[in-house]
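Trainee: Below you'll find the structure I mean.
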Amino acid sequence: MIRVSDMPLEVLRDVFGYADFRAGQRDAVDAMLVGRDALVLLPTGAGKSLCYQVPAIVRARRGEGATLVVSPLIALMNDQVAALAGKGIAVAALHSQCDEAQRTETIGRLLRGELALLYVSPERAVLDGFKRLLGRARIAMFAIDEAHCVSQWGHDFRPEYMRLGKLRALSSAPMIALTATATPRVMDEIASSLELRMPVTVRGDFRRPNLAFEVVHVAGQGGDERRLAATIDALERAGLRQRGGSGRGIVYCSTRKKAEDVAAHLKQAGFAAGHYHAGRTALARDRAQAGFALGRQRVLVATNAFGMGIDHPDVRVIVHFQAPGSVEAYYQEAGRAGRDGEPGHCLLLFGAADLVTQRRIAESGAAARRAHLDEALATMARYANEWTCRQRMLCEHFTGNGDETACGNCDVCRAPNREPRSVGAAPKILGADEQQTILIAVTAHRRAIGKGTLAKALRGSQAKPVLVHGLDRLAQHGALAAFDEEDIVATIEQLVRDGRLVRRGRKYPTIALPAAAKVRASGASYARASGASQPPRTTYGRRGRDGSRTSSITVELDRYRKRMARQLGWKAYMIFPRSTITALDRDRPDSLAALARIPGLGPSRIARFGDDVVAIVRRYAE
C-alpha cells in the first residue's frame, strides 16, 4: 500500500515511543487515513490497538473529529484511557461506572471537538439516544475492538455487536474491525455484520516463537491432585514461588469454584496467589487485579472473566487447569504469555471431563453458542490429542494456511518420537541419551543431591532448592524439559539399581556417583566437557532468571518505574517497557538529548520522567 505521509510514523515515535510499525500495522493505519474500511486479524500481543490509535490521533490533529472505539470491557477501556491520557492524548470513556458529572463533561468535550478518542461499550453504542448524540458530533473513524464478538461462531458472542453495523448510517467515516481470534469463517461474518465496504484485510503472523506450548493429559483417579502437581511444577520452573523477582503466572479455570479452590491450594503451597472471577464484588476484583499488576501476587487464578485487554509484558507461564471451550479462547488466553519477547510456557492440562464441564457451561448460555458447541469442542480435543506441532496447528486454525514450519519449541517438536505426556500413568524409564545427561549433571555438580531436586533442575525449574544448590547454573538445567518429572525420578532410581549411581543417607537420602574420589578427580573435566558454568563473579545488582547478574542500572530503573506506576495508578510498562530499560543500560545516555535516541521513550515520557532517568543512569554507571 502507498504510504500516505510521514505523520503516522511521527505519532508512533513521539507518542508511543516505537521506532517503526510491526508487520501489518502500517497497512491498517494507511487504510484508515485514506478513508478505507479495514479488517484486522493480529495475534494477541501484536499491537492491534495501535492500528486505530495512531490514525485516530493523526485525524484529530488534522481537525477531522473524534474516533469512536467500541470495547467490550470496562476494565479494558479504563486501561487504554489511562495509558493514552498519560501520553498527553485527549481521550475519555462513557460507561456504567461514570457518574453524571463525568458523563456531562465527556459529552461536552465530544461536541466541542476536544477529544481524539471516545471509548464506549457495545451496549451504549447501539442506544438510540447515543446515536442521536453522535449525529451532533464530528466522527473521524469507527473502531470495533474484539470484533469476533460479532460472530455467532465466535467464542465470546455478544448480541449487541451484531447491531453495530447500524452505526454506518450515522457517518461516512471509515470503520476498522480488529480481533486476535477469528477463523476465516468468523472473518467473513464480521465483515458482513458490520457492513464493511471492500475492507483492506490485514492478517498477521500467528507464530509466537518465544512461546513453548505443551499439553499434559490427566489420566485416572485423583485428577485434581495431579493437575495441582503439574501446575505447581510449571510455576516453580518459572521461579514464581519466591515472593520477589520478575515474572508472573496466570492459571485459568473453567468455573468460579475451581478458581477459588486452586488459588487456596497454591497459597498453601507457598505461592503469592490471588483469584479473580465475575462472581466477586467489583472492589474484590479491582484489588485482585491491582495486586497482580503491582507484583504483590505473582500468580493469579482466574476464569475467563480475566481476559480481554490484559497486557502484562512479563507473564512467564499460562496454565489452563482445565481445557477451555474452544481453540479461539485458548489461544487468546495463552497468547498473554511472553509479550516482552522473552520465553513463555503455555501448559494445557486436558482430560475428558473438561469437555463435559464446557458443555454444561455452554448449555446454560445463549442458544447461538450451543448451536456451534460440538464443533468447537471437537476442535479443542483434536488440538490436545494430535501429536503434531502445536504452534503449526494453531496458526493453521486461524489463517487456513497449512504450510507453516514446525516451531521447534513445543512439547511435540522437542520430543517428536514420544507419546503425549500424561500425569497419572505409570512412570517410564528414559533412554540412553537421557540417562547420560543425568550422569553428566551429577558429575558436573560434584556434590550429592536429592533426586527430586535434580529432576526439577533437569526440567528447568527455578524452585528455591534448585537455586540454593546452584543447579540452575548447570549446562543440563532444562535439558530434559520435555519429560515428566516422575519419569526422570524413575530413571534416576533405575540408575541406582544398576549401580551407576548410589544412594546416600537415610533420613534425607541423596544420590551421587559411586566413588566420591572419582567425582573429585573427574568433576572438573566433566564440567568442562558438559559446558557447566560457575557463578559469575560480579558485584552488580541481583540475580536474573538465567543465573546471571543484572546490572544496578537495570535494577534501579525497574524500581523507579514500579514506584512511579504506584504513584500514578498506572501499570509499570506504561512508564516505559522493559526493552527500554535494556536499551538504557546498554547505551547509558547522560542527557535528555541522548534519551531521545532510546526506543520506547517519546517526548511526553522524556518530559515527565527524563530527568529522573538520566540521574539514575549517571549515578549507577559510575
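The values are calculated or read from the model by the stated rules, or taken from the named source; none is laboratory data. None of the values given here were measured: they were computed from a predicted structure. FYI the Cβ positions are ideal-geometry reconstructions off the backbone, even for glycines, and counts take in every protein chain you see.
Trainee: Could you tell me how many of the residues in the range 585-600 are within 18 Å of Tyr18 (Cβ to Cβ) and in a helix (DSSP H, G or I)?
Mentor: Residues meeting the conditions: 3.
Trainee: Can you name the residue in the range 178-210 that is out of contact with any strand residue (DSSP E or B) (no Cβ under 9 Å at 6 or more places or on another chain) and assigned to a loop (DSSP other than H, G, I, E, B) and, of all such residues, is farthest from Phe398 (Cα to Cα)?
Mentor: Step by step, filter the range 178-210, then rank; the result is Met198.
Trainee: May I pose another question? Is it true that some residue in the range 305-319 is within 23 Å of Val218 (Cα to Cα), in contact (Cβ under 8 Å) with a residue 40 or more places away in the chain, touching a Phe, Trp or Tyr at 6+ places or on another chain (Cβ under 6 Å) and not assigned by TED's automatic domain parsing to the domain that holds Leu73?
Mentor: In the first step, residues of the range 305-319 are kept if they are within 23 Å of Val218 (Cα to Cα); the result is 316-319.
Filter once more, so that each one left must be in contact (Cβ under 8 Å) with a residue 40 or more places away in the chain: 316-319.
Of the ones still in play, those that are also touching a Phe, Trp or Tyr at 6+ places or on another chain (Cβ under 6 Å) are none.
No, the range 305-319 contains no residue that is within 23 Å of Val218 (Cα to Cα), in contact (Cβ under 8 Å) with a residue 40 or more places away in the chain, touching a Phe, Trp or Tyr at 6+ places or on another chain (Cβ under 6 Å) and not assigned by TED's automatic domain parsing to the domain that holds Leu73.
Trainee: Separate question: Give all pairs with beta carbons closer than 7 Å in which a residue from the range 395-416 that is on the phi > 0 side of the Ramachandran plot meets a residue that is surrounded by 12 or more Cβ atoms within 10 Å (Cβ to Cβ) and not in a loop (DSSP other than H, G, I, E, B); count only pairs at least 6 apart in sequence or on separate chains.
Mentor: Gly400/Pro184
Trainee: Another one. Please state which one of Ala481, Ala490, Ala475 is closer than 16 Å to Ala238 by Cα, out of contact with any strand residue (DSSP E or B) (no Cβ under 6 Å at 6 or more places or on another chain) and of a type outside the set (Ser, Thr, Tyr).
Mentor: Details: Ala490 fails: closer than 16 Å to Ala238 by Cα; Ala475 fails: closer than 16 Å to Ala238 by Cα.
Matching residue, one of Ala481, Ala490, Ala475: Ala481.
Trainee: Does any residue in the range 270-292 that is under 11 Å from Glu260 (Cβ atoms) come within less than 8 Å, Cβ to Cβ, of a residue that is among the acidic types (Asp, Glu) six or more places away or on a different chain, and which pairs are these?
Mentor: Final answer for the pair search is His275/Glu260; His277/Glu260.
Trainee: With the condition kept exactly as written, say whether any residue in the range 275-290 is in contact with a helix residue (DSSP H, G or I) (Cβ under 9 Å, 6 or more places away or on another chain) and part of a strand (DSSP E or B).
Mentor: Restricting attention to the range 275-290, the residues satisfying the condition of being in contact with a helix residue (DSSP H, G or I) (Cβ under 9 Å, 6 or more places away or on another chain) are 275-280, 285-286, 289.
Add one more test, that the residue is part of a strand (DSSP E or B), and what stays is 275-276.
Yes - at least one qualifying residue is present in the range 275-290.
Trainee: Within the set of pairs 6 or more residues apart or between chains, which connect a residue that is of a type in the set (A, V, I, L, M, F, W, C) inside the range 156-167 to a residue that is surrounded by fewer than 18 Cβ atoms within 10 Å (Cβ to Cβ) with Cβ atoms less than 8 Å apart?
Mentor: Within 8 Å, the pairs are Phe157/Ala366; Phe157/Ala368; Leu167/Lys131.
Trainee: Additional query: In the range 122-152, which residue that is touching a residue at least 40 places away in the same chain (Cβ under 8 Å) and surrounded by fewer than 22 Cβ atoms within 10 Å (Cβ to Cβ) is farthest from Tyr52 (Cα to Cα)? Write out each step before concluding.
Mentor: First pass over the range 122-152, keeping only residues touching a residue at least 40 places away in the same chain (Cβ under 8 Å): 122, 125-126, 134, 137-152.
Checking which are surrounded by fewer than 22 Cβ atoms within 10 Å (Cβ to Cβ) leaves us with 122, 126, 134, 137-139, 152.
Numbers: Pro122: 17, Val126: 20, Leu134: 19, Ala137: 19, Arg138: 17, Ile139: 14, Gln152: 25 Å.
The residue in question is Gln152.
Trainee: Follow-up question, since we're still on this one. Given the options Leu170, Leu133, name the one that is touching a Lys or Arg at 6+ places or on another chain (Cβ under 8 Å) and farther than 15 Å from Glu189 by Cβ.
Mentor: On the way: Leu133 fails: touching a Lys or Arg at 6+ places or on another chain (Cβ under 8 Å).
Sole residue among the options that is touching a Lys or Arg at 6+ places or on another chain (Cβ under 8 Å) and farther than 15 Å from Glu189 by Cβ: Leu170.
Trainee: Right, here's the next one. Please indicate, with yes or no, whether at least one residue in the range 484-493 is at pLDDT 80 or above, part of a strand (DSSP E or B) and not aliphatic (A, V, I, L, M).
Mentor: No: the range 484-493 contains no residue that is at pLDDT 80 or above, part of a strand (DSSP E or B) and not aliphatic (A, V, I, L, M).
Trainee: Could you list, in sequence order, all residues of the range 254-271 that are in a loop (DSSP other than H, G, I, E, B) and crowded, with 19+ Cβ neighbours inside 10 Å?
Mentor: Ser254, Phe271
Trainee: Just a yes or no: is a residue in the range 224-237 touching a residue at least 12 places away in the same chain (Cβ under 8 Å) and in a loop (DSSP other than H, G, I, E, B)?
Mentor: no
Trainee: Applying the selection to the range 202-223, what residues are more than 30 Å from Val468 (Cα to Cα) and either among the basic types (Lys, Arg) or crowded, with 18+ Cβ neighbours inside 10 Å (or both)? So that I can check it myself, show each step before the final result.
Mentor: In the first step, residues of the range 202-223 are kept if they are more than 30 Å from Val468 (Cα to Cα); the result is 202-209, 217-223.
Val202, Arg203, Gly204, Phe206, Arg207, Arg208, His217, Val218, Gly223 - these are the residues of the range 202-223 that are more than 30 Å from Val468 (Cα to Cα) and either among the basic types (Lys, Arg) or crowded, with 18+ Cβ neighbours inside 10 Å (or both).
One line per residue, one yes/no per condition, for (1) modelled with pLDDT under 80; (2) among the aliphatic types (A, V, I, L, M):
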| site | (1), (2) |
| --- | --- |
| Gly569 | yes, no |
| Ile575 | no, yes |
| Arg578 | no, no |
| Val617 | no, yes |
| Ala621 | yes, yes |
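Trainee: So, one more: Kindly provide the set of residues from the range 374-393 that are among the aliphatic types (A, V, I, L, M) and in contact with a Pro (Cβ under 9 Å, 6 or more places away or on another chain), ordered by number. Write out each step before concluding.
Mentor: Restricting attention to the range 374-393, the residues satisfying the condition of being among the aliphatic types (A, V, I, L, M) are 376-378, 380-381, 384, 393.
Met380, Ala384 - these are the residues of the range 374-393 that are among the aliphatic types (A, V, I, L, M) and in contact with a Pro (Cβ under 9 Å, 6 or more places away or on another chain).
Trainee: Is at least one residue of the range 233-253 in contact with a His (Cβ under 9 Å, 6 or more places away or on another chain) and of a type in the set (Ser, Thr, Tyr)?
Mentor: yes
Trainee: Taking Arg36 as meeting all but one of (1) charged (D, E, K, R); (2) more than 21 Å from Arg336 (Cα to Cα); (3) outside any loop (DSSP other than H, G, I, E, B), write down the number of the exception.
Mentor: Against the list (1) charged (D, E, K, R); (2) more than 21 Å from Arg336 (Cα to Cα); (3) outside any loop (DSSP other than H, G, I, E, B), Arg36 comes up short only on (3).
Trainee: Mind counting the residues in the range 445-454 that are part of a helix (DSSP H, G or I) and closer than 14 Å to Leu501 by Cα? Break it down into steps so the answer makes sense when it comes.
Mentor: Taking the range 445-454 as the starting set, the residues that turn out to be part of a helix (DSSP H, G or I) are 445, 451-454.
Then drop every residue that is not closer than 14 Å to Leu501 by Cα, which leaves 445, 451, 454.
Number of matching residues: 3.
Trainee: Only one of (1) in contact with a His (Cβ under 8 Å, 6 or more places away or on another chain); (2) surrounded by fewer than 23 Cβ atoms within 10 Å (Cβ to Cβ); (3) under 27 Å from Ala46 (Cβ atoms) is not met by Leu228, so which one is it?
Mentor: (3)
Condition check ((1) in the same structural domain as Glu328 (by TED's automatic domain parsing); (2) surrounded by fewer than 21 Cβ atoms within 10 Å (Cβ to Cβ); (3) small (Gly, Ala, Ser)) across all residues:
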| residue | (1), (2), (3) |
| --- | --- |
| Ala19 | no, yes, yes |
| Leu39 | no, no, no |
| Ala56 | no, no, yes |
| Ala66 | no, no, yes |
| Leu73 | no, yes, no |
| Gly86 | no, yes, yes |
| Thr104 | no, yes, no |
